[in-house]
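Visitor: Below are the structure tokens for one structure; questions will follow.
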Amino acid sequence: MTLAGILAAIEVTKSRISRQRVVLLGAGSAAAGISAQIVTAMMSEGLSEAEAKSAIWLVDSHGLVHSGRSNLERFKREYAQPVERVAEWRPADIDRVSLAEVVRGLHPTILIGTAAQPGAFTEEVVREMAGHSDRPVIFPLSNPTSKSEAQPSDLISWTRGRALVATGSPFADVVYNGRTISIGQCNNAYIFPGMGLGVIASKAARVTDSMFVAAARALAEMSPVHRDPASSLFPPLEDVRSVSRRVALAVAGEALGSGVAGAATAEELERMIDAKMWTPQYVRYRRTAD
């Protein structure tokens, strides 16, 4: 879901995911999954794994994750940035580099929150980011609403309406300078039905990272922002059935293309997916007299 939102957002900026600089506040399981998907997407555009990982910067409760810190978990070690690179910023404390210092030194294009630290995306941090990015992509994904790293209305205001925002919890539209900006919710319901359907229909032997990226790209292609930059990054949940079908087609096609499923034509895939889709039709019962 997060990757789909990013892909939709950077389409608005006319850029590519391989050119992004990503900061994640929070380095738990959510950040691990998001990072892995971003790396796979970047590699699909020609970057090496090392190059892709060098574009991802993690900030945990002890500050920036870098090679100078000891006792890092395996996931954090994989994404630890060289301490020499960080030292060039001259942080106040190299052992505890803050989010604000990372944003000031790196000039990220994407900022993602998975730390459940309400208000962590401060005005200082957001304005600094917006000073170096025409359309900053900011996703405060922690939920419930009370744990969100920022309020969308603040993000829109602090960036003068330029931020591309998605959240983990539902938020109301934001009105800014007479424009109504819809805030998309990064809801897994957009992905997992189509993902499962594509796997089942294609009879895939296993699920690959590239299949998840295919799902994300399919969802991103359905983003309303392609028609209206003020729209949500995600389609209405009411459209989830058609979204799921399109995601399933992309997943099944990738499964076949990557050799983890049997052979089938595009037409056969469509027929299999349509046959496997559940239709909410119920038999009518009528009570009769005893």
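Visitor: Just from its helices, what would the mean residue ellipticity at 222 nm be for the chain, if runs of 4 or more DSSP H residues each count -39500 (n - 2.57) and the sum is divided by every residue, rounded to the nearest 500 deg cm²/dmol?
Guide: -12000 deg cm²/dmol
Visitor: Order these peptides, 244-254, 269-279, by their mean beta-carbon neighbour count within 10 angstrom, highest first.
Guide: Highest to lowest by the protection proxy: 244-254, 269-279.
Visitor: Between Ser98 and Ser258, what length in nm is gained on full extension when 0.36 nm per residue of separation is reduced by their alpha carbon distance?
Guide: 53.5 nm
Visitor: I'd like the antiparallel share, as a percent to the nearest 5, of DSSP beta bridges with both residues in the chain.
Guide: Percentage antiparallel, nearest 5: 25.
Visitor: I need the calculated FRET efficiency for the pair Ser67 and Arg127, taking r as the beta carbon distance and R₀ as 25 Å, to the nearest 0.05.
Guide: 0.25
Visitor: Follow-up question, since we're still on this one. Once you place label points 7 Å from the Cα toward the Cβ at Gln281 and Ala50, how far apart are they in nm?
Guide: Modelled inter-label distance: 5.8 nm.
Every number here is computed from the coordinates shown, using simple stated rules; none is lab data. Everything quoted here is computed from the prediction, not taken from an experiment. Neighbour counts run over all protein chains shown; Cβ positions are idealised from the backbone, glycine included.
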